[in-house]
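Chemist: Encoded as structure tokens, here's the structure I'll be asking about.
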Amino acid sequence: MAEVLVYVDHVDGAVRKPTLELLTLARRIGEPVAVALGPGAENTAAALAEHGAVKVLTHDAAEYADYLVVPKVDALQAAYDAVSPAAVLVPSSAEGKEIAARLAVRIGSGIITDATDLEAGDEGPVATQSAFAASFTTKSRVSKGTPVITVKPNSAAVEAAPAAGAVEALTVTFSDKATGTKVTARTPRASTGRPELTEAAIVVSGGRGVNGAENFSIIENLADSLGAAVGASRAAVDAGWYPHTNQVGQTGKSVSPQLYIASGISGAIQHRAGMQTSKTIVAINKDAEAPIFDLVDYGVVGDLFDVVPQLTEEINTRKG
Amino acid sequence: MSLRIVVTVKYVPDATGDRHFADDLTVDRDDVDGLLSELDEYAVEQALQIAGDADDAEITVLTVGPEDAKDALRKALSMGADKAIHVEDDDLHGTDAVGTSLVLAKAIEKAGFDLVISGMASTDGTAGIVPALLAERLGVPQVTLLSEVSVEDGVVKGRRDGDTASEQLEASLPAVVSVTDQSGEARYPSFKGIMAAKKKPVQSWDLEDLEIEADEVGLEGAWTKVDSATERPARTAGTIVKDEGEGGKQLAEFLAGQKFI
């Protein structure tokens, strides 16, 4: 069976959920061979094996942390040369897309980004993508070279499928371009204890109607009652009420959770672009004419300062 | 010495219009008004600020696209860019991101550059990979997704805000930079800027000028193939209630029914 290279996104050996989802998709088109780089790479093996990786190629070097993107491209290319895979899958993070794109040019291949599903096809893997603020669904394939495909979080269920997961050291020779962009300082983002926005099963977002940074605690309290991530519209971010890393929409993150709750968000096209593929959509807004109500499974026309605290209290009561 | 800045921009269908695909599954450009991609305005703005801080700098704005794409160039020129290059060729219709990066890279090399500045992504394709592709093709450092950027003594520095950390980056010129919408509000063209833009030079190049064969680009030469595009079915109308004091509880009931609680 053909081998499929899967690039592993991990933090000190803890594999992030989108990579486990990738392994599920990779098994549809071949045998997953995982590539884990940086500190703790070998510690990823157990989780990767449990989810179907037949092999785990690992490599650690200071270059991965000290320089931007290119060292990882060099390593993925080394893995590509060693394996000659039928496809290369990479998580659709900002960095993942950059790594995949540069690899594609190097190996003379086409690239598909932000796939939301993947199936085996007669002429190679077929990727589903959303277009035009998720108003269209396209099916595409790579027509030149070895398909390089980046996949969005929440595109597949994580399924256990134990495999050998034999760890092999990858030999990497860095190119002379690897040290071109130096990372001179790194400030880790303080953890909120909430799920990562793009990976969360439930997202609770606030917009212009929240009317002030101090009021975002109302949104956070609802999120915490549901174990959800917190999102914000561009209007709320531009006003300085919530960090840009939490922005949902065209210029922020695109999310596709099981449940999306929009509070005080009118639903401009730019916001819809980032949340329209959510499975269940709920909105709370004073304005009955707000376009967000065209998308909802359930909507409440009302003041979020009344509705959201009542909802939070009711959820906490029901959880007992 | 003069700092040569090339800003890559894209002419995109207006997101508030009825965007859809043409019969050949490329983006239909005839039925929707086009404009300069909003995210590229941030690239033009940062170019203007970097040029303003330099002793001597020249900003060239570059696009690949049909005849109408000149509108995107005019907008950038009216903001303050010095000159423009329009790569236009019938054989470019249907070119994908990898092909576009080839055309841009050849044009940037022909124009000459010290710094390339791009937006973080286009507002139509939204892939956000062209800056990295350009860095790979040009063989220069990529300093991408910056929310803050500056250039001094031949070195570009910037801040990249990622999911897990915020990083300070540094590279020697020549380099490729991309900026996010957090980099600073883009200026509006002044009346004077709009009038001046009419007199600024816009050069037109075709594939032959760039020594690119027709079969390397376009729909036939694309590295990817779109097999189908279907409109997402309209959502079935949901339940909408008016809050008369019990709105939160009613919503909780709905969420419980859907097993979210």
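Read the figures in this text as sums done on the coordinates, not as results from a lab. Owing to the predicted nature of the structure, the values given are computational and were not obtained by experimental measurement. Because the Cβ atoms are built from the backbone with ideal geometry, glycine has one as well, and the counts that use them run over all protein chains shown.
Chemist: If you project the alpha carbons of region A:259-298 onto the principal axes, what extent comes out on each, in Å, largest first?
Modeler: For region A:259-298, the Cα spread along each principal axis is 23, 20, 14 Å.
Chemist: Continuing with the same structure: Using a Gaussian network model of chain A with C-alpha springs under 10 Å, which one of A:Asn215, A:Asn285, A:Asn246 is most mobile by mean-square fluctuation?
Modeler: So, out of A:Asn215, A:Asn285, A:Asn246, the one fluctuating most is A:Asn215.
Chemist: Mind listing the long-range amide H neighbours of B:Thr144? Cut-off is under 5 Å, sequence gap 5 or more, other chains count too, H placed in the peptide plane at 1.01 Å from N.
Modeler: B:Ser178
Chemist: For region A:88-95, just list the computed ³J(HN,Hα) in residue order, Karplus coefficients 6.51, -1.76 and 1.60, θ = phi - 60°, integers in Hz, with x standing in for Gly and Pro.
Modeler: For region A:88-95, the Karplus-derived couplings read 10, 10, 9, x, 7, 7, 4, 5 Hz, x marking Gly and Pro.
Chemist: Would you please classify the overall shape of region A:62-142 from the alpha carbon gyration tensor, given that a ≥ b ≥ c denote the square roots of the eigenvalues, rounded means a/c under 1.5, and beyond that prolate means a/b larger than b/c while oblate covers the rest?
Modeler: Since a/c reaches 1.5 but b/c is at least a/b, the shape of region A:62-142 is classed as oblate.
Chemist: Size of the dipole of region A:120-233 about the Cα centre, Lys and Arg at +1 and Asp and Glu at -1 on the beta carbon, nothing else charged, in debye to 20?
Modeler: Dipole about the Cα centre, nearest 20: 420 debye.
Chemist: Sticking with this structure for a sec: What's the center-to-center distance, using Cα atoms, between region A:97-142 and region A:244-320 in Å?
Modeler: Centre-to-centre distance over Cα atoms comes out at 29 Å.
Chemist: May I ask for the net charge around A:Lys97, where only other residues with Cβ less than 11 Å from the Cβ of A:Lys97 are counted and Lys, Arg are +1 while Asp, Glu are -1?
Modeler: Numbers: positive: A:Arg102, A:Lys152; negative: A:Glu95, A:Glu98, A:Asp114.
Every neighbour counted, the sum reads -1.
Chemist: Now for a different question. For chain A, modelled as a GNM with alpha-carbon contacts under 10 angstrom, which of A:Val255, A:Val69, A:Val33 fluctuates the most?
Modeler: Among A:Val255, A:Val69, A:Val33, the largest mean-square fluctuation in the Gaussian network model of chain A belongs to A:Val69.
Chemist: Okay, next question. In peptide A:238-245, what is the residue-averaged number of other protein chain Cβ atoms found within 10 Å of each Cβ?
Modeler: 2
Chemist: On to the next question. Angle check, please: helix A:304-319 long axis (alpha carbons) against the longest principal axis of chain A (alpha carbons), in degrees 0 to 90, nearest 10.
Modeler: Between the helix axis and the principal axis of chain A, the angle is about 70 degrees.
Chemist: A follow-up question, please. Can you give the helix-only mean residue ellipticity at 222 nm for chain A, where every DSSP H stretch with n ≥ 4 adds -39500 (n - 2.57) and the sum goes over all residues, rounded to the nearest 500 deg cm²/dmol? Before the final figure, lay out the partial values.
Modeler: Working: 9 runs with 89 residues, N = 320.
One gets -8000 deg cm²/dmol as the mean residue ellipticity at 222 nm.
Chemist: Something else: If contacts are Cα pairs under 8 angstrom and at least 6 residues apart, what is the relative contact order of region B:118-187 in percent?
Modeler: 36
Chemist: Assigning unit charges at the beta carbon (Lys, Arg +1; Asp, Glu -1) and nothing else, what dipole magnitude in debye, to the nearest 20, does region A:106-179 show about its Cα centre? It would help to have the intermediate numbers written out before the result.
Modeler: Details: 6 positive and 8 negative charges, 60 e Å.
Around 280 debye, computed over region A:106-179.
Chemist: For a bin width of 10 Å, list the pair-distance distribution of region A:6-141 built from all Cα-Cα distances, rounded to whole %.
Modeler: Taking every Cα pair in region A:6-141, the percentages come to 12, 44, 35, 9, 0.
Chemist: Also: Enter the angle in degrees (range 0 to 90, nearest 10) between the Cα long axis of helix A:17-29 and the first principal axis of the Cα atoms of chain A, meaning the one along which they spread out most.
Modeler: 60
Chemist: Given H placed on each backbone N at 1.01 Å, which residues far from A:Val6 in sequence or on other chains put an amide H within less than 5 Å of it?
Modeler: HN-HN under 5 Å from A:Val6: A:Val33, A:Ala34, A:Val35, A:Leu89.
Chemist: In debye, nearest 20: dipole of chain A around its Cα centre with unit charges on the Cβ of K, R (+) and D, E (-)?
Modeler: 440
Chemist: Right, something else. Mean separation of Cα pairs under 8 Å and 6+ residues apart, divided by the residue count of chain B: what relative contact order is that in percent?
Modeler: 23
Chemist: Among DSSP bridges having both ends in the protein assembly as shown, what percentage is antiparallel? Round to the nearest 5.
Modeler: That works out to approximately 35 percent antiparallel.
Chemist: In addition: Which of A:Arg208, A:Arg141, A:Arg106 moves most in a GNM of chain A, Cα contacts under 10 Å?
Modeler: The residue that fluctuates most here is A:Arg106.
Chemist: Can you give the net charge of the other residues whose Cβ lies under 10 Å from the Cβ of A:Glu21, counting K and R as +1 and D and E as -1?
Modeler: With Lys, Arg at +1 and Asp, Glu at -1, the net is +1.
Chemist: Starting from region B:100-203, pick out the trypsin sites (Lys or Arg not before Pro) whose DSSP state is loop and whose Cβ has at most 12 other Cβ atoms within 10 Å.
Modeler: B:Lys198, B:Lys199
Chemist: Rounded, prolate or oblate: which fits region B:195-248, taking a ≥ b ≥ c as square roots of the Cα gyration tensor eigenvalues, rounded meaning a/c under 1.5, else prolate when a/b beats b/c? Intermediate results must be reported in sequence, preceding the final value.
Modeler: Working: a/c = 6.51, a/b = 1.93, b/c = 3.37.
Judged from the Cα gyration tensor, region B:195-248 comes out oblate (a/c at least 1.5, b/c at or above a/b).
Chemist: Here's a follow-up. For the protein assembly as shown, divide the Cα radius of gyration by the Kirkwood radius and give the resulting Rg/Rh value with two decimals.
Modeler: Dividing the radius of gyration by the Kirkwood radius yields 0.96.
Chemist: May I pose another question? Working from the alpha-carbon coordinates of region B:118-261, get Rg over Rh, Rh being the Kirkwood radius.
Modeler: When Rh is taken as the Kirkwood radius, the ratio is 1.14.
Chemist: Rounded to the nearest 5, what is the percent of antiparallel bridges among the DSSP beta bridges in chain A?
Modeler: 20
Chemist: Quick one: 3J(HN,Hα) in Hz for region B:169-179, Karplus 6.51/-1.76/1.60 with θ = phi - 60°, rounded, Gly and Pro as x.
Modeler: 3J(HN,Hα) across region B:169-179, in whole Hz: 10, 8, 8, 7, 6, x, 8, 10, 10, 10, 10.
Chemist: How large is ³J(HN,Hα) for each residue in region B:236-245, as worked out from phi by the Karplus curve 6.51 cos²θ - 1.76 cosθ + 1.60 (θ = phi - 60°), to whole Hz, x for Gly and Pro?
Modeler: Result, rounded to whole Hz: 5, 3, x, 7, 10, 10, 9, 6, 10, x.
Chemist: Can you pull a Stokes-Einstein diffusion coefficient for chain A at 10 °C (1.306 mPa s), Rh from Kirkwood over Cα pairs, as a whole number of µm²/s?
Modeler: My calculation gives 76 µm²/s for D.
Chemist: For helix B:247-257, what angle does its Cα long axis make with the longest principal axis of chain B, in degrees from 0 to 90 and rounded to 10?
Modeler: 90
Chemist: For region A:187-204 and region B:161-240, what is the centre-to-centre distance using only Cα atoms, to the nearest Å?
Modeler: 29
Chemist: Then there is this: Residues of region B:49-76 with backbone nitrogen within less than 13 Å of a virtual label 7 Å along the Cα-to-Cβ line of B:Val202, please, listed as ranges.
Modeler: B:61-76
Chemist: Two decimals is fine: what's Rg over Rh for chain B, C-alpha atoms, Kirkwood radius as Rh?
Modeler: Rounded to two decimals, Rg/Rh equals 1.07.
Chemist: Write out the trypsin sites (Lys or Arg not before Pro) in region A:253-320 meeting two conditions: DSSP loop, and at most 13 other Cβ atoms within 10 Å of their Cβ.
Modeler: Sparse-neighbourhood loop trypsin sites (Lys or Arg not before Pro): A:Lys279.
Chemist: Out of residues 5 or more away from A:Val148 or on other chains, whose amide H comes under 5 Å of its own, with H placed 1.01 Å from N in the peptide plane?
Modeler: Correct list: A:Val88, A:Gly110, A:Ile112.
Chemist: What does the C-alpha gyration tensor say about the overall shape of region B:1-62? Classify as rounded when a/c is under 1.5, otherwise prolate if a/b is larger than b/c, or oblate.
Modeler: Cα axes put region B:1-62 in the prolate bin.
Chemist: So how do B:His86, A:His244, A:His271 line up by other beta-carbon neighbours within 10 Å, fewest first? Mind showing how you got there, number by number?
Modeler: Numbers: B:His86 22, A:His244 18, A:His271 27.
Fewest-to-most ranking of B:His86, A:His244, A:His271: A:His244, B:His86, A:His271.
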